[in-house]
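Working notes for the structure below.
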Amino acid sequence: MINRQLLDPKNIVIVGGSNDIKKPGGKIVKNILEGGFEGKLNIINPKEDKVQGIKSYHSVNDIPNTDLAILAIPSKYCLETVRVLALQKNTKAFIIISAGFSETNEEGQQLEKEIANLVNSVNGCLIGPNCIGVLCEKYKGVFTTPIPEYNKKGCDLISSSGATAVFIMEAGASLGVKFANVYSVGNAAQTGVEEILEYMDTNYDPNIDPQVKLLYLEAIKNPQKLLKHASSLIRKGAKIAAIKAGSTAEGSRAASSHTGAIASSDMTVRALFKKAGIVYCSSREELLSVASIFNYKPLKGKNIAIITHAGGSAVMLSDELSKGGLEIPVIEGKDAKTLESFLYPGSSVSNPIDFLATGTAEQLGIIIDYCEHKFDHIDAMAVVFGSPGLFDVENVYNVLSVKLDICKKPIFPVLPSVINARKEINTFLEKGNINFPDEVVLGKALAQVYKTPPPTTEDVQLPNVDVKKIRAVIDNAKSGYLSPFEATQLLDAAGVPRVIEIVESNKETLITEASKMNFPLVMKVVGPLHKSDAQGVILNVNSIEEVTQNFDKLMQINNATGVMIQAMLSGIELFVGVKKEPGFNHTILCGLGGIYIEIMNDVTAGLSPLSKPEIQAMIASLKGYKLIQGIRGKEGVSETLFIEIIQRISALVEAAPEIVEMDINPLMGTQKAITAVDIRINIVK
């Protein structure tokens, strides 16, 4: 756990400090000295008496007590060094930059575990191993550059990867992004991203702490902790954006159901982020663009005015904003005509507002004022202004800088001429502004920020289900796919309407049961996982004779154990699925069912437990949502009933965490009823 000794040490020892600044131990010493650390700095190097002007001790046994130790020595020496420091030198914080631990082999994993246990035994904090270190207000404990100046209004960065943290800081500097605390957690033997977020949440003061938190994650070891503390921080006023790398390796494997084939680790992570209110980013570039957006005034609506002297950039930005669900509304009317009179002939104000390559700083100011005060339907502005290298654009950027401060609506500056206008852009950044050099990246990031909902309520009210019956079915079942009878028992216990099914391996018994039902019927083979692929589904069975003929045909299919008959329903085919990723709550998917799920792959996902507003948002985000609403005179589906069924599935999996995969496809839906037709449930006990 993060402690005072890590963040505000009175004394630091660098084990492995060196005069060679090309080595990690030497560079850390240099960075800490140049970073202005005000406490006592000690060095341990058995081969040197002085390191960069500081006395060097030859053994860890010789140093006085110390708060923080930074280890830059071979991994095989780390355990004994930590033991002496923790047990004899009252050291409560450790940063181990050394590699050669769990990332290498089982021996390294065991060594790492022993070090973590030792640090835990003294209630200490361990960052790493296999990391670049920590940057904070009091010291610069990394062996890398750049070293951004600490800015309490900057971004906190927590990264699983040290190199990626460096790349983010490098790229951020050129955009004007400022940084506060930077944590490289490496192997996260004790303290990972979740634990640092926990500390930030527990100690958060909105008046003094950095609001923007950027995360780069390669693993989520404790999803519930991440969800809890990210949500809490965002409710307190913080803003969080994150990259989760390595999310698709497991999701790419073949699976035995539609849900298994569609649901990926990435989908589960996205569902977690959405529930927490974290903006999902897919690249460093996008992460920094989102961070830049966070640093400007908040976007409160989806109507964007694009102000530009570059038509192509405006078109590309318009496309990206539109794809992301934002709008570029037409600007017209009396005020638009008046605005046009201030611009050169050939300019356009319809949106994008194109005031030509010859546009002036004065004209830009007038356009922004009109968008701010006259065009009430405009929620924000994106200003694209570069330079062909013919004249100085500093006056334009000065006007833009002033308007960024005084306007209530957010303005996002796209200054793409990073060579022709480098001097002017640097002046613009020195005033505390941030640049978006690429309009498409801005458009994508802006849409991501706008679409990310606030954290969901912590107290989700789920429908009542028969937990006792659910547990009885699960406790008596074996791992693997449940029998049709067991699966339907679970649906009944959850209160999910289903079509009545009869399963028989005896032809005469099946014929007797079929004679009691209303035609037409559906007949399905029991046994093969993919009935359709095996030609094991027969629709529109209209007589006992057809039942007799089809029974023989279905039972000849490989692995057939019986035949199921059920009433043939009409309506829109829907789909609900469930996937359980290790460590996460269940991911619940919904969409259009039948073959549409295979052809269109139109599904959305949320993390259980799901509230009604969450489910409503999931359904509304489907590409086929208009079919559910009803279109061109065709009846749609009751959203109220669809939401209730998804909530009941959420209640089911909360009562039965052993469910690892569920496929209800299709559910036949009308305005009056939604009925589950086919279900498969896989459990692991």
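The values are calculated or read from the model by the stated rules, or taken from the named source; none is laboratory data. Just so it is clear, the model here is predicted, and its values are computed rather than measured. Cβ sites come from the backbone with ideal geometry, for glycine too, and all protein chains shown count toward neighbours.
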For A254, indicate whether it is surrounded by fewer than 23 Cβ atoms within 10 Å (Cβ to Cβ), of a type in the set (A, V, I, L, M), assigned to a helix (DSSP H, G or I) and at pLDDT below 95. no
Conditions (1) surrounded by fewer than 16 Cβ atoms within 10 Å (Cβ to Cβ); (2) under 21 Å from L482 (Cβ atoms); (3) touching a helix residue (DSSP H, G or I) at 6+ places or on another chain (Cβ under 6 Å): number failed by N559: (3)
The residue that is surrounded by the fewest Cβ atoms within 10 Å (Cβ to Cβ), considering only those in the stretch 130-151 that are part of a strand (DSSP E or B) and more than 25 Å from the chain's Cα centre (by Cα), is N151
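How many of the residues in the stretch 369-397 are of a type in the set (D, E, K, R), under 19 Å from D354 (Cβ atoms) and either in contact (Cβ under 8 Å) with a residue 60 or more places away in the chain or outside the structural domain of L356 (by TED's automatic domain parsing) (or both)?
Selection size over the stretch 369-397: 0.
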Would the stretch 318-341 turn up any residue that is within 18 Å of C407 (Cβ to Cβ), touching a helix residue (DSSP H, G or I) at 6+ places or on another chain (Cβ under 7 Å) and in a loop (DSSP other than H, G, I, E, B)? no
Can you name the residue in the stretch 524-543 that is surrounded by 13 or more Cβ atoms within 10 Å (Cβ to Cβ) and within 16 Å of I502 (Cα to Cα) and, of all such residues, is modelled with the lowest pLDDT? G527
Quickly run through the stretch 47-79 and pick out the residues that are aromatic (F, W, Y) and under 45 Å from the mean Cα position of the chain (by Cα). Y77
Just the residues that are among the basic types (K, R) and at pLDDT 95 or above, please, taken from the stretch 227-247. K228, R235, K236, K239
Can you tell me how many residues in the stretch 57-75 are within 18 Å of A188 (Cα to Cα) and in a helix (DSSP H, G or I)? 1
Can you name the residue in the stretch 390-407 that is in a loop (DSSP other than H, G, I, E, B) and of a type in the set (A, V, I, L, M, F, W, C) and is also surrounded by the most Cβ atoms within 10 Å (Cβ to Cβ) among such residues? V393
Could you count how many residues in the stretch 176-231 are over 23 Å from T268 (Cα atoms), among the acidic types (D, E) and not in a loop (DSSP other than H, G, I, E, B)? 1
Confirm whether R648 is basic (K, R) and more than 25 Å from E458 (Cα to Cα). no
Can you tell me which of (1) modelled with pLDDT of 90 or more; (2) part of a loop (DSSP other than H, G, I, E, B); (3) touching a Gly at 6+ places or on another chain (Cβ under 7 Å); (4) farther than 19 Å from L667 by Cβ is the one N559 doesn't meet? (1)
Within the group Q52, Q110, which residue is surrounded by fewer than 14 Cβ atoms within 10 Å (Cβ to Cβ) and either in contact with a Gly (Cβ under 7 Å, 6 or more places away or on another chain) or at pLDDT 95 or above (or both)? Q110
Any residue at all in the stretch 17-26 that's crowded, with 20+ Cβ neighbours inside 10 Å and touching a helix residue (DSSP H, G or I) at 6+ places or on another chain (Cβ under 9 Å)? yes
If you go through the stretch 623-633 one residue at a time, do you hit one that is basic (K, R), out of contact with any helix residue (DSSP H, G or I) (no Cβ under 7 Å at 6 or more places or on another chain), more than 25 Å from V460 (Cβ to Cβ) and assigned to a helix (DSSP H, G or I)? yes
Restricted to the stretch 178-199 and to residues being more than 16 Å from A242 (Cα to Cα) and of a type in the set (A, V, I, L, M), the residue surrounded by the fewest Cβ atoms within 10 Å (Cβ to Cβ) is A180
Does T81 meet the test of being in a loop (DSSP other than H, G, I, E, B), under 17 Å from N120 (Cα atoms) and either in the same structural domain as N105 (by TED's automatic domain parsing) or at pLDDT 95 or above (or both)? no
Would you call E103 of a type outside the set (A, V, I, L, M), buried (at least 20 other Cβ atoms within 10 Å of the Cβ) and over 20 Å from L7 (Cα atoms)? no
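Tell me, which helices (runs of 4 or more DSSP H) wholly within the stretch 414-529 include 3 or more residues that are hydrophobic (A, V, I, L, M, F, W, C) and within 30 Å of A560 (Cβ to Cβ)?
467-476, 484-494, 507-514
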Residues in the stretch 107-122 that are in contact (Cβ under 8 Å) with a residue 24 or more places away in the chain and under 16 Å from V185 (Cα atoms) total 5
Which one of the conditions (1) buried (at least 16 other Cβ atoms within 10 Å of the Cβ); (2) modelled with pLDDT under 95; (3) in contact with an Asp or Glu (Cβ under 9 Å, 6 or more places away or on another chain) does G346 fail to meet, given that it meets all the rest? (1)
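Over 16 Å from G133 (Cβ atoms) and surrounded by 13 or more Cβ atoms within 10 Å (Cβ to Cβ): does that describe V29?
no
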Expected single match for crowded, with 17+ Cβ neighbours inside 10 Å and in a strand (DSSP E or B) among G606, G636, G594 is G606
Are there any pairs with C-beta distances below 6 angstrom linking a residue in the stretch 640-669 that is in contact (Cβ under 8 Å) with a residue 40 or more places away in the chain and within 23 Å of E598 (Cβ to Cβ) to a residue that is among the hydrophobic types (A, V, I, L, M, F, W, C) and assigned to a helix (DSSP H, G or I), with the two at least 6 apart or on different chains, and if so which? I646/I615; I659/V653
So, of the residues in the stretch 436-450 that are out of contact with any Asp or Glu (no Cβ under 9 Å at 6 or more places or on another chain) and farther than 12 Å from C281 by Cα, which turns out to be surrounded by the fewest Cβ atoms within 10 Å (Cβ to Cβ)? P437
Do the conditions hold for S417, that is, is it modelled with pLDDT under 95, surrounded by 19 or more Cβ atoms within 10 Å (Cβ to Cβ) and not basic (K, R)? no
Looking at (1) of a type in the set (V, I, T); (2) in contact (Cβ under 8 Å) with a residue 60 or more places away in the chain; (3) surrounded by fewer than 18 Cβ atoms within 10 Å (Cβ to Cβ), which is the only condition V503 fails? (3)
